[in-house]
1. Among R290, R328, which is at pLDDT below 90, over 24 Å from R433 (Cα atoms) and among the charged types (D, E, K, R)?
2. In this structure, is A432 among the small types (G, A, S) and touching a residue at least 60 places away in the same chain (Cβ under 8 Å)?
3. In region 388-406, which residues are within 16 Å of D428 (Cα to Cα) and without any contact (Cβ under 8 Å) to a residue 24 or more places away in the chain?
4. When you scan region 156-170, how many residues do you find that are assigned to a helix (DSSP H, G or I) and either crowded, with 22+ Cβ neighbours inside 10 Å or in contact with a strand residue (DSSP E or B) (Cβ under 9 Å, 6 or more places away or on another chain) (or both)?
5. So which residues in region 164-190 are closer than 25 Å to L85 by Cβ and within 33 Å of the chain's Cα centre (by Cα), if there are any at all?
6. Identify the single condition in (1) among the small types (G, A, S); (2) at pLDDT 95 or above; (3) farther than 30 Å from R275 by Cα that A388 does not satisfy, given that it satisfies every other one.
7. Can you tell me how many residues in region 65-81 are in contact (Cβ under 8 Å) with a residue 40 or more places away in the chain and assigned to a loop (DSSP other than H, G, I, E, B)?
8. Go through region 118-149 and count every residue that is within 20 Å of A163 (Cβ to Cβ) and part of a strand (DSSP E or B).
Amino acid sequence: MPYAVLFKIYFVDAFVLRQLDRLKASVGQGDVYVIADETHGELGPIPHDKVLRVTEGEMRQAGFENGAPAQAMFWRDADYSLYCLFDRFPDYDHYVTVEYDAVIEGDVDRIVAAVAASGLDFVGEKVKRPMSEWPWAKTCEGIYPREAIRGHLNAIAFYARRAIGPLRQGRLDLSARLRAGEIGQFPISEAYIPTELGVQGFRIGQLSDFGDTTLYDWWPPTNEADLVEAPGRAFIHPVLEGQRYLDSLLRQDQLSRLFSPQSRVPAKLRRLPARDYLPTLTPALIDLRRRSAEPFVIDPARTPLFERAEPGLNIALGKPATQSSISRFSRNPQLRLDAAGAVNGLVTGSFSFHTGRDSPPWWMVDLEAAYRIAEIWVFNRLDLAGRAKGLRLLISSTGRDWSQVYEHPADRSFGGAYGKPLIAALGDRPVARFVRAELDQTQHLHLDQIKVFGEPDRPDDAASH
């Protein structure tokens, strides 16, 4: 059963070529084509024997329109690349399209055979959100009945030959209507493909029926370095590396989700050296709250990161926490979830929890067992560090009776991600289960991270917890 695989690129670098090699290694009997968008200039040599070079101008000459001229045509209307291949090579039984930042782990021959055996005409991954909440659904309104509108991610997609001609003609018809002023918007490919095929009665399937899609979505990205952990048959998107990975992970419109308990971003950041992400993350988080005309700027060439080796296991990591109150600035409207931000292990330079203006404001973690406390590290937020002057650290075995073990001088602030966090070394290693930070004044308390280091007081008992 002959099939073609179309690898879509917009630039050429070492990462793109590695992605191409991965795809070729997964394809046995199929023919792999590369389609290069050269709208903004030639991409140069591409070490592959089947390369199609296209431009937006050529698509317009063929009758296709771009519904959003400010956006790249071959990105927004991702099905156009498929028509370029189909027009030149229309005799394959099946076609597979793969974006440069997507990966198919597994034997593509077998996946295509399984798709063919199922009798499906299109396989993509259904958008999980209700169509009423999915923003791209609006691009189909007024063109299709509201109840007919569907959404499928198509960074990786499978097509039967019989479905491509009708899809292509539908795009030409919509393009003509757009030019004539009959319609005022143009469906994006992720809405157009499943909606048009559904209206025409073609059979539509789910990518997840043919492989694992745990790491397949529009965001957040998977680091190329982590691909070895993917299961044997899987569809993964987006896959990025280096600065592109960081820029996507820390995109401004998603930063507000960083402190959500369901967010996967903190775990991804913890796998990276702090020096890689803090220069981007810190000012972005601070600007997210301040939105001032003069953004918070850090010069990493002159401001050293704090990267001292930890003295052992952070026994506060992921433990239950609470605080005196929440405020409109809190990362999470639930008290304990907001407090949990200080023990998620991710040092950002911004604040991870925020109390109201209390007298006094406090934060507390339950270590869930008795420990001999050796050190307590407190990372301050960088833009309003002065509010934490005079911070006191207290410990307790019961959560009711407290002993103060440290008080920071009221005339000096302390730092955090970019040097000089508060490090309280407790030489006598007192035994405690609870650790508390508070201010001896009426104020807000908002810190970055609190790390606690020590050893179980009774290892056998502690292990049972």
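The values are calculated or read from the model by the stated rules, or taken from the named source; none is laboratory data. Every value quoted in this text rests on a predicted model; they were computed, and no experiment measured them. Neighbour counts run over all protein chains shown; Cβ positions are idealised from the backbone, glycine included.
1. Details: R328 fails: at pLDDT below 90.
Going through R290, R328 in turn, just one is at pLDDT below 90, over 24 Å from R433 (Cα atoms) and among the charged types (D, E, K, R): R290.
2. Details: among the small types (G, A, S): yes; touching a residue at least 60 places away in the same chain (Cβ under 8 Å): yes.
Here the answer is yes, as A432 does meet what is asked.
3. Of all residues in region 388-406, those within 16 Å of D428 (Cα to Cα) come to 393-397, 403-406.
Listed by number, the list holds a single entry, Q404.
4. Pass one, region 156-170, residues assigned to a helix (DSSP H, G or I): 161-170.
The next check asks that each one be either crowded, with 22+ Cβ neighbours inside 10 Å or in contact with a strand residue (DSSP E or B) (Cβ under 9 Å, 6 or more places away or on another chain) (or both); those that pass are 161, 163-164, 167.
Count: 4.
5. If the condition is that a residue be closer than 25 Å to L85 by Cβ and within 33 Å of the chain's Cα centre (by Cα), then I164, L167, R168, R171, F186, P187, I188, S189, E190 are the ones that fit.
6. (3)
7. We begin by selecting, within region 65-81, every residue in contact (Cβ under 8 Å) with a residue 40 or more places away in the chain; these are 65-68, 72, 74-81.
Applying the additional criterion that residues be assigned to a loop (DSSP other than H, G, I, E, B) yields 65-68, 72, 77-78.
Final tally of qualifying residues: 7.
8. The total comes to 6.
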